[in-house]
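The values are calculated or read from the model by the stated rules, or taken from the named source; none is laboratory data. Here the structure is a predicted model, which is why all the values come from computation and not from measurement. Virtual Cβ from ideal backbone geometry, glycine too; neighbours counted across all protein chains shown.
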Amino acid sequence: MTEVASVVTLPAKPVLIFDGDCNFCRRWILRWQQATGERVEYIPFQDPTVAQRFPELTRERCEQAVQFIDTDGHIYSAAEAVFRAMAVAPCKRWPLWCYQQMPGVAPITEGMYRFVAKHRTGFSFLTRLFWGEQIEPPTHLLTRWLFLRLLGIIYFIAFVSLWTQIDGLVGSHGILPAQAFMESAHNWANTHSGWDAFRMAPTLCWFSASDAFLHFLCWGGALAAVLATIGIAPAPMLALAWLFYLSLTTVCGEFLGYQWDTLLLETGLLAVFFAPLQFRPGLARTAPPSQVMLWLLRWLLFRLIFAAGVVKLASHDVNWRGLTALFYHYQTQPLPTWTSWYAQQLPLWFQQFCCGILFVIELGAPCLIVMSRGLRFLAAGAITFLMLLIAATGNYCFFNLLAIALCVLLLDDAVLRRWAPRRWRKLSANFRAPRWPWWVTMPLAALVIPVTMMTLLEAFRERIPWPTPMIKLYDTLVPSRSFNPYGLFAVMTTVRPEIIIEGSNDGDHWLPYEFKYKPGDPLRPPSFVAPHQPRLDWQLWFEALRVEIPRPSPTVPFVNLCVRLLQGQPEVLALLQTNPFPTAPPRFLRAWAYEYRFTDFAERRQTGAWWRRRFLGEYCPVMMLRKNVAGDATDRTAALPSRNGSN
C-alpha cells in the first residue's frame with residue numbers, strides 16, 4: 001500500500017486521477033463510473049486543476065498508475081487505487097477486502113497491474129476485441145423488450161397450432177380423449193390427497209375436460225400471449241400462458257411430450273420473473289430486469305445447446321463419432337422438407353465437415369456464454385446460425401425460434417440500439433418502478449441451479465449417486481415440466497420406416513389414407529410446415545420406429561387412431577390430407593410398413609419421385625369394428641386373417 005504522509009487538500013468526495021490520453025484507461029474509467037456513479041470524481045491528470053489541487057502528485061507518478069485520493073487526504077496508487085474506488089459502490093467492497101486481508105492477493109494484483117500498464121496498447125486491442133468499443137456495464141431494457149415479445153409470439157403460435165388439431169387429438173371423439181385421462185386421474189385422486197393429485201397431474205382440466213374447455217385453454221392462452229406481446233401486464237399474462245400450456249401438456253400426453261414443449265414451459269416460467277411488474281410498462285419508465293433471472297435464462301440456453309452435443313458423443317453412436325450422421329439425418333428426420341432432399345445429395349466429405357461444425361457450435365458456443373461481452377455476441381451468432389440451418393432443412397415447429405429468442409438474451413442494449421428507433425437510443429431504467437425482489441429471485445435460483453445441474457450431468461450417461469433429498473426434490477418438480485433434461489438425436493436413425501394405413505370395404509381392394517405432411521405418395525414433395533406442428537404426423541414417425549423392434553405391436557394411440565378411422569370420426573379425419581372413403585367409413589383397416597429413401601437426381605428426372613420405398617411387411621393386421629348386442633359399433637377391434645402383398 002502506498003500512502004503519502006504529507007497533508008494535501010481534502011476533497012469533498014474521493015477523487016481518481018487517470019491518464020486521459022490513454023484509450024485503455026478511458027474505456028475502463030467509463031465502466032467504473034457506471035458502478036460508482038457520483039460517489040467518485042474522475043479527473044484526467046492532464047487537467048490543469050490537478051496540479052493546483054494536488055501538488056504532491058507529479059506527472060511521472062500519474063503516468064505510471066492511477067491515483068486515488070480519499071476524503072481524509074491519503075493517496076493510493078495502482079491496484080489498490082482501483083479497489084478503493086470500487087469499494088465506494090454498493091456491493092463492491094469484496095475486492096478491497098481480499099486485497100487487504102488475504103495473503104498474496106496484494107502482491108499478485110499489483111504485479112498484474114504493472115504488467116497491464118506496461119502493455120496498454122495490447123490490452124486496449126484485447127478490450128476492443130472482447131468487449132467492443134463500449135465496455136461500461138451493459139443494460140438490458142431493449143433486450144428484455146425484444147425477448148418477451150418473441151416469447152409472446154411463440155406462445156401464440158403454440159396455442160393456435162394446437163387449437164387447430166385438439167379435437168382430433170384429445171377431444172371427446174379424438175385419439176386420446178382428455179376426458180378419459182381425467183377420469184383415471186380422478187380415480188387415482190380418490191386414494192391420495194388433493195395436493196398430490198394436482199401435483200402429479202397439474203392441469204386446469206380438473207374443473208372440466210370437455211371440448212369447450214380445451215378450446216378455452218387454447219384461445220385463452222393465445223389471448224394471454226397477445227397481451228404479453230403488446231406489453232399489457234406481461235408478468236401476469238406470461239404466468240397465465242404458462243399455466244394454460246402446462247394444463248394442455250398434461251392432458252395431451254404423447255402429443256405434447258416433445259422437448260420444445262417442455263423448453264417453452266421452462267422458458268415461460270423463468271420469463272415470468274424476468275418480466276416487468278407494471279400493468280403497462282414502457283421502456284422509459286420500467287425497472288431494470290433481474291440479473292439473476294437473466295443469468296438463469298442464459299443457463300437454460302447453455303444447457304439446451306451443450307447437452308445436445310454431449311448426448312451425441314456420450315451415446316457412442318458410430319455415426320456421430322464418425323461425422324456421418326448428417327448423411328442419414330436429412331431423410332430420416334421426422335418431417336423433411338424439399339430442401340432436405342437437396343442437402344442429402346451433397347457429397348459425404350461436405351456432410352462430415354458440416355457435422356464437425358455442428359459439434360464445434362454445440363460444444364464450444366455455450367462455453368462463450370459465461371465469457372466477456374464480445375464472446376457472448378459470438379455465441380449468439382453461432383447458435384442463431386445453427387438454428388437457421390436446422391430450420392432451413394427441417395420442420396421443428398417453434399423450436400428454432402425459441403432458441404433464437406434465448407440467444408437475444410446474450411445481447412445488450414448497446415447493440416440493439418443500432419437498429420432501434422431514435423427515441424429508444426437514450427433509455428435509462430427507473431429504479432423506483434416495482435420489480436421482483438431478491439427474496440423471490442434468489443430462492444428460485446437456489447432451486448433451479450442444483451436441480452438443472454442434475455439434469456445436465458445426466459447427459460453424460462454416467463451413474464451419479466445423487467443424495468436422496470435431491471432425487472425427491474427432482475421427482476417433486478418433474479410433473480411441472482419446467483426443470484428439464486435436454487439433448488436431441490442422441491442416436492442417429494439410419495433408416496426411415498413409414499406406416500401406410502389402408503382401408504377396404506371388401507377385403508380385396510384397398511385404398512391408402514394420405515397424411516398432410518408425413519411421407520406417403522413417393523411423388524409428393526416434402527414441404528415446409530413450421531412453425532406449425534402437425535402432432536399426429538410427428539407421432540406416427542415415432543410409431544414407425546417400432547418397425548425395427550422384433551415382432552412390434554402397435555401402441556395404444558395407433559390402435560385408437562385406427563378405431564377412429566373405422567368409425568369415420570370427422571375430427572380425426574380432419575387431421576389427414578385425404579379420406580378415400582368420403583361417403584362411409586371402411587369395414588376393414590390394415591397397416592403396412594415400408595422403408596423410405598430419398599431418390600437421387602437421375603431417378604427423380606426419370607420418374608419425378610422424391611422418394612423410393614421398399615415393402616417391409618405387415619405392421620398391424622386387418623382390423624374391423626365389432627358389434628355390440630344393440631348392433632352399435634364399439635371401440636374394440638378384431639383381427640382378420642392377414643393378406644400378403646401390397647398395393
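Restricting attention to region 282-323, the residues being surrounded by fewer than 21 Cβ atoms within 10 Å (Cβ to Cβ) and either at positive phi or not in a helix (DSSP H, G or I) (or both) number 11.
The helices (runs of 4 or more DSSP H) found entirely in region 159-252 that carry 2 or more residues being surrounded by fewer than 21 Cβ atoms within 10 Å (Cβ to Cβ), of a type outside the set (A, V, I, L, M, F, W, C) and touching a helix residue (DSSP H, G or I) at 6+ places or on another chain (Cβ under 7 Å) are 211-229. The residues on offer are Ala65, Ala35, Ala81, and the sole one that is surrounded by fewer than 20 Cβ atoms within 10 Å (Cβ to Cβ) and aliphatic (A, V, I, L, M) is Ala35. Please determine whether any residue of region 590-598 is free of Cβ contacts under 8 Å to residues at least 60 places away in the same chain and in the same structural domain as Arg551 (by TED's automatic domain parsing). Looking for residues that are free of Cβ contacts under 8 Å to residues at least 60 places away in the same chain and in the same structural domain as Arg551 (by TED's automatic domain parsing), one finds none in region 590-598, hence no.
Entry remark, region 485-496: residues being crowded, with 21+ Cβ neighbours inside 10 Å, on the phi < 0 side of the Ramachandran plot and either part of a loop (DSSP other than H, G, I, E, B) or among the small types (Gly, Ala, Ser) (or both) number 1 in total. Only a single item in (1) surrounded by 18 or more Cβ atoms within 10 Å (Cβ to Cβ); (2) more than 25 Å from Gln259 (Cα to Cα); (3) of a type in the set (Ser, Thr, Tyr) is not met by Ser340, and it is number (2). Could you tell me whether region 283-304 includes any residue that is under 30 Å from Trp349 (Cβ atoms) and in contact with a helix residue (DSSP H, G or I) (Cβ under 8 Å, 6 or more places away or on another chain)? Yes - at least one qualifying residue is present in region 283-304.
Let's see how each residue does on (1) touching a residue at least 24 places away in the same chain (Cβ under 8 Å); (2) part of a helix (DSSP H, G or I); (3) farther than 30 Å from Arg604 by Cα:
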site	(1), (2), (3)
Phe528	yes, no, no
Glu543	yes, yes, no
Pro550	no, no, yes
Phe558	yes, yes, yes
Glu571	yes, yes, yes
Asn579	yes, no, no
Pro585	yes, no, yes
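From the list Ala35, Ala65, Ala89, Ala85, pick out the single residue that is of a type in the set (A, V, I, L, M, F, W, C) and more than 40 Å from the chain's Cα centre (by Cα). So that I can check it myself, show each step before the final result.
Details: Ala35 fails: more than 40 Å from the chain's Cα centre (by Cα); Ala89 fails: more than 40 Å from the chain's Cα centre (by Cα); Ala85 fails: more than 40 Å from the chain's Cα centre (by Cα).
Residue meeting the stated conditions: Ala65.
Evaluate region 550-558: report whether one residue or more is within 37 Å of the chain's Cα centre (by Cα), surrounded by 15 or more Cβ atoms within 10 Å (Cβ to Cβ) and over 16 Å from Leu616 (Cα atoms). Yes: region 550-558 contains one or more residues that are within 37 Å of the chain's Cα centre (by Cα), surrounded by 15 or more Cβ atoms within 10 Å (Cβ to Cβ) and over 16 Å from Leu616 (Cα atoms). Filtering region 53-75 to residues that are β-branched (Val, Ile, Thr) and either touching a strand residue (DSSP E or B) at 6+ places or on another chain (Cβ under 7 Å) or in a helix (DSSP H, G or I) (or both) leaves Val66, Ile69, Ile75. Restricting attention to region 84-99, the residues that are surrounded by 12 or more Cβ atoms within 10 Å (Cβ to Cβ) and without any contact (Cβ under 8 Å) to a residue 24 or more places away in the chain add up to 7.
Quick one: in region 577-635, which of the residues that are of a type in the set (Gly, Ala, Ser), over 20 Å from Gln333 (Cα atoms) and modelled with pLDDT of 90 or more is farthest from the chain's Cα centre (by Cα)? Talk me through it step by step, then tell me what you get.
Applying the first criterion (of a type in the set (Gly, Ala, Ser)) to region 577-635 yields 584, 591, 593, 602, 608-609, 617, 630-631, 633.
From what's left, over 20 Å from Gln333 (Cα atoms): 584, 591, 602, 608, 617, 630-631, 633.
Then keep just the ones that are modelled with pLDDT of 90 or more; that gives 584, 591, 602, 608, 617.
On the way: Ala584: 45, Ala591: 36, Ala602: 40, Gly608: 39, Gly617: 39 Å.
Selected residue: Ala584.
A search for C-beta distances below 7 Å between a residue of region 372-400 that is over 16 Å from Leu488 (Cα atoms) and among the aliphatic types (A, V, I, L, M) and any residue that is surrounded by fewer than 21 Cβ atoms within 10 Å (Cβ to Cβ) and modelled with pLDDT under 95, counting only pairs 6+ apart in sequence or on different chains, returns Leu375/Phe130; Leu375/Leu368; Leu378/Leu368; Ala379/Leu368; Ala380/Leu411.
For region 523-549, the set of residues classified as of a type in the set (A, V, I, L, M, F, W, C), touching a helix residue (DSSP H, G or I) at 6+ places or on another chain (Cβ under 7 Å) and surrounded by fewer than 16 Cβ atoms within 10 Å (Cβ to Cβ) is empty. With respect to (1) more than 20 Å from the chain's Cα centre (by Cα); (2) assigned by TED's automatic domain parsing to the domain that holds Leu256, the lone exception for Leu456 is condition (1). So for region 255-271 (the condition being assigned by TED's automatic domain parsing to the domain that holds Ala287 and more than 20 Å from Asn400 (Cα to Cα)), does at least one residue qualify? No, because not a single residue in region 255-271 is assigned by TED's automatic domain parsing to the domain that holds Ala287 and more than 20 Å from Asn400 (Cα to Cα).
For residues that are touching a residue at least 40 places away in the same chain (Cβ under 8 Å) and either touching a strand residue (DSSP E or B) at 6+ places or on another chain (Cβ under 9 Å) or aromatic (Phe, Trp, Tyr) (or both), scanning just region 471-493, find the one that is farthest from Leu456 (Cα to Cα). Applying the filter and picking the extreme gives Phe489. Only residues that are buried (at least 16 other Cβ atoms within 10 Å of the Cβ) and either of a type in the set (S, T, N, Q) or farther than 16 Å from Ala12 by Cβ (or both) were counted across region 38-55, and they come to 2.
Taking first residues from region 100-119 that are closer than 17 Å to Glu63 by Cα and partners that are acidic (Asp, Glu), the Cβ contacts under 8 Å between residues at least 6 apart in sequence or on separate chains come to Glu110/Glu80.
Please specify each residue of region 41-98 satisfying the condition of being farther than 18 Å from Cys22 by Cβ and among the aliphatic types (A, V, I, L, M).
Of everything in region 41-98, those that are farther than 18 Å from Cys22 by Cβ and among the aliphatic types (A, V, I, L, M) turn out to be Ala51, Ile69, Ile75, Met86, Ala87, Val88, Ala89, Leu96.
Applying the set (1) surrounded by fewer than 16 Cβ atoms within 10 Å (Cβ to Cβ); (2) over 34 Å from the mean Cα position of the chain (by Cα); (3) of a type in the set (A, V, I, L, M) to Val563 leaves exactly one unmet item: (1).
Going through region 253-281 one residue at a time, which ones are assigned to a loop (DSSP other than H, G, I, E, B) and either touching a Phe, Trp or Tyr at 6+ places or on another chain (Cβ under 9 Å) or touching a residue at least 24 places away in the same chain (Cβ under 8 Å) (or both)?
Here is the first cut: in region 253-281, the ones assigned to a loop (DSSP other than H, G, I, E, B) are 257-258, 275-281.
Hits for region 253-281 are Tyr258, Ala275, Pro276, Leu277, Gln278, Phe279, Arg280, Pro281.
The single condition from (1) part of a loop (DSSP other than H, G, I, E, B); (2) over 46 Å from the mean Cα position of the chain (by Cα) that Val50 fails is (1).
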